Amino acid sequence: MASLTHPFHTSTTFYLPLRTNTRTHSRSLIAIKASKSTNPPLPGRKLRAAVIGGGPAGSSAAEALAAGGVETFLFERSPPSTAKPCGGAIPLCMLSEFDIPSHLIDRHVTRMRIFSPSNLCVDFGKTLRPDEFIAMLRREVLDSFLRSRAESRGANLVSALVTDLEVPTSPAAPYVVHYTANNSRRSLAVDVVIGADGANSRVAKSIHAGSYACAIAFQERIKLPDEKMEYYENLAEMYVGSDVSPDFYAWVFPKCDHVAVGTGTVCAKQDIKLFQRAIRERVKPKINGGKVIKVEAHPIPEHPRPIRVRGRVALVGDAAGYVTKCAGEGIYFAAKSGRMCGEAIVNASEGGERMINEGDLKREYLRVWDAKYISTFRFMDLLQRVFYGSNATREALVELCGDEYVQRMTFESYLYKRLADGNRWEDAKMVWNTVGSLMRCKIIGR
């Protein structure tokens with residue numbers, strides 16, 4: 001055990017197990033910008049950051065911080081919390097942008113099917129190019145890799161349960177992270193905190209980040225006989241209908257040696273097991289003879305929190321509410337928000353040399369994030385309101401998904417996280433077809 005003197009030079013002493021990292025850091029992820037900041041320099045030490053939560057958001061934030069010169073402590077529960085029920089699909093751009101090695105990928109999905117409430121089936125992968133696929137990973141595998149990489153870049157990994165965040169009463173005072181490790185209560189004083197601790201974030205509660213709506217996701221991992229698993233070799237399925245979810249969708253996604261079968265809902269969380277039984281019934285012939293090897297349930301955020309930065313605390317990933325409605329995608333946005341927040345702190349602190357403040361976090365992180373992605377979240381919210389309200393609109397959604405232009409535009413947006421370059425004539429036809437589908441299901445008036 002080594003003592004860490006309070007970084008603000010008071011008489012308080014905090015204890016934390018330390019280890020010397022002698023490994024050479026690989027190249028920095030961040031180009032540190034010249035700053036005209038008036039923030040005061042730190043007295044003979046580096047900026048100290050605590051990242052609470054070791055999922056994709058927290059690990060990506062810790063990696064960016066440590067690589068950029070900030071003294072970084074990454075807190076993750078020990079043992080790690082159960083992986084949340086997650087389809088585990090990640091877009092193609094994430095593999096290159098976050099250097100995800102190919103051996104972590106369980107399946108290269110090139111065939112997708114979406115089933116309507118009446119079991120109308122549409123093949124949704126017809127427009128994928130030869131080099132395109134959707135990568136399927138297990139969350140526990142991805143999370144472990146990202147944590148290890150953050151540690152290799154210089155982050156101090158603390159296997160502990162954070163129990164409380166003590167917020168300072170004056171602008172210059174430290175934040176104090178209280179945690180439990182090896183049945184011992186400990187504390188650490190830090191300059192800045194990143195909350196990456198999920199939908200039930202303690203960090204968010206400590207800064208009064210506002211009220212929050214959550215969905216519930218439920219998933220079973222089912223190991224299938226070889227001949228059944230062969231059917232899902234490179235195939236993912238989505239099911240919509242009030243039987244499997246009143247406001248979301250159900251899924252069957254292939255993994256290394258099993259399939260993940262799950263569903264989610266916001267408005268009827270108490271009935272989640274009924275919806276799970278319904279999706280199992282819909283896919284019964286395909287999973288007969290399978291054995292449930294794991295059951296998972298977890299809250300999923302439904303919208304960005306009203307407050308995502310307060311003082312020297314920033315929220316990222318699920319803690320900030322970065323999960324899109326309609327699609328329910330959160331892995332990429334978690335990792336991206338974590339990295340962007342870490343880079344923002346490095347830039348504002350000039351490589352960990354200066355103190356930062358709330359204005360820095362809002363300017364360097366929050367405004368940049370909102371400018372880039374907030375319209376995406378609003379658009380997906382609109383799609384969910386339009387197409388997930390009734391079985392009639394779900395039938396219209398599946399009908400539209402049969403259009404190859406719709407599929408190509410969807411894949412361009414999903415796989416590469418960019419606004420797809422469309423064709424004006426095809427866009428007009430798509431709008432007309434959408435209006436026609438909605439008129440047939442009598443949704444236009446509403």
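The values are calculated or read from the model by the stated rules, or taken from the named source; none is laboratory data. If you're wondering where the values come from, they're calculated on a predicted model, not measured in any experiment. Methodologically, a virtual Cβ is constructed for each residue, glycine included, from the backbone with ideal geometry; neighbour enumeration extends over all protein chains shown.
Numerical summary
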{"item": "Lone qualifier among 217, 278 - being of a type outside the set (Val, Ile, Thr), in a helix (DSSP H, G or I) and outside the structural domain of residue 190 (by TED's automatic domain parsing)", "result": "278"}
{"item": "Boolean, residue 77 is closer than 30 Å to residue 164 by Cβ, at pLDDT below 95 and not aliphatic (A, V, I, L, M)", "result": "yes"}
{"item": "Selection status of residue 205, under 30 Å from residue 362 (Cα atoms), surrounded by fewer than 24 Cβ atoms within 10 Å (Cβ to Cβ) and charged (D, E, K, R)", "result": "yes"}
{"item": "Selection status of residue 133, on the phi < 0 side of the Ramachandran plot, among the aromatic types (Phe, Trp, Tyr), at pLDDT 90 or above and surrounded by 22 or more Cβ atoms within 10 Å (Cβ to Cβ)", "result": "no"}
{"item": "Filter result for residue 350 (among the charged types (D, E, K, R), crowded, with 16+ Cβ neighbours inside 10 Å and on the phi > 0 side of the Ramachandran plot)", "result": "yes"}
{"item": "Subset of segment 101-145 that is charged (D, E, K, R) and assigned to a strand (DSSP E or B) - its residue that is farthest from the chain's Cα centre (by Cα)", "result": "123"}
{"item": "Segment 351-399, residues that are in contact with a Ser or Thr (Cβ under 6 Å, 6 or more places away or on another chain), farther than 21 Å from residue 69 by Cα and aliphatic (A, V, I, L, M)", "result": "380, 396, 398"}
{"item": "Residue selected from segment 295-314 under the condition surrounded by fewer than 20 Cβ atoms within 10 Å (Cβ to Cβ) and among the small types (Gly, Ala, Ser), by the criterion farthest from residue 47 (Cα to Cα)", "result": "297"}
{"item": "Flag for residue 253 being in a strand (DSSP E or B) and either among the hydrophobic types (A, V, I, L, M, F, W, C) or not assigned by TED's automatic domain parsing to the domain that holds residue 104 (or both)", "result": "yes"}
{"item": "Looking only at segment 236-245, and only at residues there that are touching a residue at least 40 places away in the same chain (Cβ under 8 Å) and of a type outside the set (S, T, N, Q), the one that is surrounded by the most Cβ atoms within 10 Å (Cβ to Cβ)", "result": "239"}
{"item": "Entirely in segment 290-404, the helices (runs of 4 or more DSSP H) that have 3 or more residues that are in contact with an Asp or Glu (Cβ under 8 Å, 6 or more places away or on another chain)", "result": "331-348"}
